[in-house]
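Only one structure is covered here, and it is reproduced in the block below.
Quick note: the coordinates plus some simple rules give every number you see, no bench work behind them. Treat the numbers as computed from the prediction; the structure is a model and nothing was measured. So basically every Cβ, Gly included, is an ideal-geometry build from the backbone, and we count neighbours across all protein chains shown.
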Amino acid sequence: MDDQKDRFGDKIHDLEKVREDQWAREQDRLLLDKLRARQDAQLHCPRCSAQLVSRSGSESTILACPDGHGAWLEGAALERLGEQTKRARP
Ligand SMILES: [Zn+2]
């Protein structure tokens, strides 16, 4: 009887270990998903929610709404654009 109880205890212990392993794997997967999502994050137009499409400029790439609601510029690109505008219109 005692022997059976011990074996049952072992089984539960094994089960818990398996669950912990699964949990750890799940956490790894979630983390990887998060990293991947950040890498190719798709930006969407705040007005129509359309996915922004990239348009390569001479120096930088901008992401623009296909319906022309607006565009996304990286901070550095925006600064460059500001400099260019200042130079163009002193
Ligand atoms: Zn739009």
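Quick one: what are the phi-derived ³J(HN,Hα) couplings along region 63-69, Karplus 6.51/-1.76/1.60 with θ = phi - 60°, whole Hz, x for glycine and proline?
Each residue's phi maps through the Karplus curve to give 9, 10, 5, x, 8, x, 6 Hz.
Between L35 and R80, take the C-beta separation as r, use R0 = 35 Å, and let me know the FRET efficiency to the nearest 0.05.
0.75
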